[in-house]
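Peer 1: Starting off with a structure, shown below.
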Amino acid sequence: LVTALVPSLANSLAEQFNVFRVMHHGTHEKQLSNVFAWLLRADGTHQLGDAFQRLFVARVNDQLPIGSRLPASGYAVAQEVNTAGEDGSEKEIADIVLTHDQGRIVVENFEWSDGHGHSYERYLAHGSRDGKVGVVVLLCVRHVGHLLKDGWENAVVVTYAELLNSLQKHIAGNAAWRRAHPRQDFFIAELVDHYTEGPGVVSIEDRIRFLKAM
């Protein structure tokens, strides 16, 4: 029994091949913002059209009152956007901003659900410019409630896992896309694998082996 259990408990995803682990990609939030912005762009080389944008906005809308929900797609995507107003205040750089005729989504991407010193009010003011419906989103690996303070408790929180799992389900049901775009399929599979389970976590296969041994 011990012989069967120990390998399953000892193995971790950190010891397995993954493109993102080899490149140490994602050690800085800007790297992940580049990937998410690429997926969010309807004309991106992923060839998924606006599918990911729709999945993301659907997650945001799920946490908004019905009367405040945003259009499902049709957003322009920008990165590293200065949200400082015209009052000469210091720069506040939002990682990703999605802009529609009717609304604007200002995204702060960070490992934890934490504004880490950024001004929620300034982000919201930027989102609401020009009479648009403004929404501030924390895109993060881990949702930790007690870190949400200084206005960030009012932000919409979307985790990598829930968003990427939605993308994985969408791709799984699109056999034609997978056949036509094997490189993109592989890249996204590696992304999902790395950022939904994460290094150091026992893999699903190892859990199954553990349960069989039990």
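The values are calculated or read from the model by the stated rules, or taken from the named source; none is laboratory data. Because the structure is a prediction, the values reported are computed rather than measured. Side chains included, ligands, DNA and RNA excluded: accessible areas come from the protein's heavy atoms. Shrake-Rupley method; radii C 1.70, N 1.55, O 1.52, S 1.80 Å.
Peer 1: Could you name the lysines whose alpha carbon sits less than 26 Å from that of LYS149, not counting residues in the same chain fewer than 8 places away?
Peer 2: Here the lysines satisfying the reach criterion relative to LYS149 are LYS30, LYS91, LYS132.
Peer 1: Tell me, what HN-Hα J-couplings in whole Hz come from the Karplus equation 6.51 cos²θ - 1.76 cosθ + 1.60 at θ = phi - 60° for each residue of region 127-133, using x for Gly and Pro?
Peer 2: Going residue by residue, I get x, 8, 4, 6, x, 7, 6 Hz, with x marking Gly and Pro.
Peer 1: Let me ask something additional. Excluding ligands and nucleic acids, what accessible area in Å² is computed for LYS132 using a 1.4 Å probe, to the nearest 10?
Peer 2: Accessible area of LYS132: about 40 Å².
Peer 1: Rolling a 1.4 angstrom probe over the protein heavy atoms, how many square angstrom per residue are accessible across region 37-170?
Peer 2: 47
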